[in-house]
Number of protein chains: 2
Amino acid sequence: MLVLITYDVNTESAKGRARLRKVAKQCVNHGQRVQNSVFECILDPGQCKLLKAQLLEIVDLEKDSLRFYYLGNNYKSKIEHYGIKASINQEGVLIL
Amino acid sequence: MLVLITYDVNTESAKGRARLRKVAKQCVNHGQRVQNSVFECILDPGQCKLLKAQLLEIVDLEKDSLRFYYLGNNYKSKIEHYGIKASINQEGVLIL
């Protein structure tokens, strides 16, 4: 299934900037960066649970925001992209 | 239906910063800001078409990125939020 992950990490402090780097790194490891703070990840339920746990370990829930959108398996018709950085679909099809 | 709109606007120039302000303003007018560059909008197909046309008038497709995710009408179970700025659902229910 496609899981869209979006985040706002408060980068006012060095700790915040470190959290941002860690969140991005975890997401890069599991999916496709489509915008600066937006990742699309093809995950099975177990992988999703694990990634969520990893991200929740990193973020500061009193300062940051983390959202998950579950787009299921039939997600291709649910996404439209305009402008730069069209994502290469992880299953091999370019999403336009 | 719920339409999730995410964007990255290149703010290296004053023109880019102006585009960012205009994109955000249009989105604020039509939906709920859930993160800095992420909006959730409850729209019918006509409203969606209009908002999309307005945003595409503003952005620079060679510098910016604009994505639409169509989450349909049964979107509540498809969204999870952690951390700050939990959104007030526009239909009256807090999405947690």
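The values are calculated or read from the model by the stated rules, or taken from the named source; none is laboratory data. None of the values given here were measured: they were computed from a predicted structure. So basically every Cβ, Gly included, is an ideal-geometry build from the backbone, and we count neighbours across all protein chains shown. When the accessible area is computed, the model is the full protein with side chains, heavy atoms only, and any ligands, DNA or RNA have been set aside. Shrake-Rupley method; radii C 1.70, N 1.55, O 1.52, S 1.80 Å.
For residues that are open to solvent by 90 Å² or more (accessible area, probe 1.4 Å) and either part of a loop (DSSP other than H, G, I, E, B) or acidic (Asp, Glu) (or both), tally how many sit in region A:7-20. If you could, list the steps in order and put the result at the bottom.
If we filter region A:7-20 for residues that are open to solvent by 90 Å² or more (accessible area, probe 1.4 Å), which is where we start, we get A:12, A:15, A:17.
The next check asks that each one be either part of a loop (DSSP other than H, G, I, E, B) or acidic (Asp, Glu) (or both); those that pass are A:12.
Count: 1.
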query: Under the condition of being surrounded by fewer than 20 Cβ atoms within 10 Å (Cβ to Cβ) and among the hydrophobic types (A, V, I, L, M, F, W, C), which residue from region A:21-40 is nearest to the other protein chains (Cβ to nearest Cβ)?
result: A:Ala24
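Which ones in region A:51-67 are open to solvent by 10 Å² or more (accessible area, probe 1.4 Å) and of a type in the set (A, V, I, L, M, F, W, C)?
So in region A:51-67, the residues open to solvent by 10 Å² or more (accessible area, probe 1.4 Å) come out as A:52-54, A:56-63.
Passing the criteria: A:Ala53, A:Leu56, A:Ile58, A:Val59, A:Leu61.
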query: Would a scan of region B:68-76 turn up a residue that is over 14 Å from the mean Cα position of the chain (by Cα), of a type in the set (S, T, N, Q) and buried (at least 16 other Cβ atoms within 10 Å of the Cβ)?
result: no
- prompt: So which residues in region A:37-53 are touching a residue at least 24 places away in the same chain (Cβ under 8 Å) and charged (D, E, K, R)?
  reply: A:Glu40, A:Asp44
query: B:Ala86 fails exactly one of the following numbered conditions: (1) modelled with pLDDT under 95; (2) more than 10 Å from every other protein chain (Cβ to nearest Cβ). What is the number of that condition?
result: (2)
message: Looking at A:Cys48 and the list (1) buried (at least 16 other Cβ atoms within 10 Å of the Cβ); (2) touching an Asp or Glu at 6+ places or on another chain (Cβ under 9 Å); (3) farther than 16 Å from B:Asp8 by Cα, which single condition is not satisfied?
response: (2)
